[in-house]
Amino acid sequence: MKMKKNASSPASSTSPVKVSIVDDHKMVVKILSKTINESSIAQVIDVYYTLESCWMGLAKSLPEVLLLDIGMPDGDGVEFCAEVLKIYPQLKIIMLTSYKEFNVAKRALSSGAVGYILKNAEPNEIFAGIETVVQGDLFLCEDIDLLLKNKLLGDVTWFSSREKEILQYIAEGYTTKEIADKIFRDDETVKTHRKNLLLKLAAKNTSHMIKKAIDQHLIPGI
C-alpha cells in the first residue's frame, strides 16, 4: 500500500529490508521472526534478548530497521534508543511494545524512534511500519496515532487507581514484599508495577519517580 516504485524499476531489484529484533520474550521473537521472514518485505538478520547483547551485535551486523521493546530486563528501551542513535544515526528504530500510554509514546519519539507499534498489531501493520520508516517517514500504529492526536493537555499521564496506590506505598517507604502483602498480590506483580511506573513517569530511579509523582499531584507531598 505504501510501496512507491517507478514503473521502470524491476521488482527483483528490491532486496528485503534487513531487520533485527530486541525483545526478552522468546515466543514473541520466534513468532515475529517467522512472520517477517515469510513475507517479501523484510528479513530478520539478528535477534537479541537483552540490550547488552544488542549493543555488541550492532557493532558486527547493522540492520536497516531495529524493532525494539521498551521494557527490557537490563534497561529502558527508550533510553537505549537515544544512545544507539548517537552511534548509528542512520538506523531506523521502531518501538514494538505493549505500552499504550501517551507519555511513553511521546518519550520514545523524542528519543529518536521513527515508529511506534503495539505488539497486538496485525502483520500488515508491522510490514507497513517497516516500509514507511525505510522510506524516511514516521510510522505510528492506528491506536497510537489516535492517542497522540486526541491528547490536548501536553504532558498528561494517566494512572490507574492501583498504580496510584502502589506509588503511595513506595513513597511511604514500604518494600516490594510489604506492598505485595498489602495488595494481596505476589512480589513479581509489584515489581512489574514499579517498572511500569518508572517508564510512565520517565524517572531515573525511585526517588526521582516519587518527586515526579508529587509534582503531578498523583500522591500528596510527604
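Within the range 80-102, residues that are over 12 Å from Ala113 (Cα atoms) sit with their Cβ atoms under 9 Å from residues that are surrounded by fewer than 18 Cβ atoms within 10 Å (Cβ to Cβ) and charged (D, E, K, R), at 6+ positions apart or across chains, in these pairs: Thr97/Lys119; Ser98/Lys119; Lys100/Asp143; Phe102/Lys151; Phe102/Asp155. Within the range 53-71, the presence of at least one residue that is under 14 Å from Asp23 (Cβ atoms), at pLDDT 95 or above and out of contact with any strand residue (DSSP E or B) (no Cβ under 8 Å at 6 or more places or on another chain) is confirmed. Scanning the range 196-215 for residues that are charged (D, E, K, R) and either surrounded by 14 or more Cβ atoms within 10 Å (Cβ to Cβ) or in a loop (DSSP other than H, G, I, E, B) (or both) gives Lys200, Lys204, Lys211, Lys212. Candidates in the range 104-123 are the residues that are in contact (Cβ under 8 Å) with a residue 40 or more places away in the chain and surrounded by fewer than 18 Cβ atoms within 10 Å (Cβ to Cβ); of these, the one that is nearest to Val28 (Cα to Cα) is Lys119. Checked against (1) under 22 Å from Arg194 (Cβ atoms); (2) free of Cβ contacts under 8 Å to residues at least 40 places away in the same chain, Pro73 meets all criteria but (2). Within the range 126-185, the set of residues being among the aliphatic types (A, V, I, L, M), assigned to a loop (DSSP other than H, G, I, E, B) and at pLDDT below 80 comprises Leu152, Leu153, Val156. Here Glu64 meets the list (1) surrounded by 20 or more Cβ atoms within 10 Å (Cβ to Cβ); (2) more than 27 Å from Ser160 (Cβ to Cβ) almost entirely, failing just condition (1).
The values are calculated or read from the model by the stated rules, or taken from the named source; none is laboratory data. Quick caveat: nothing in here was measured; it's all calculated off a predicted structure. When we count neighbours, we look across all protein chains shown, and the Cβ atoms used for this are built from the backbone with ideal geometry, even at glycine.
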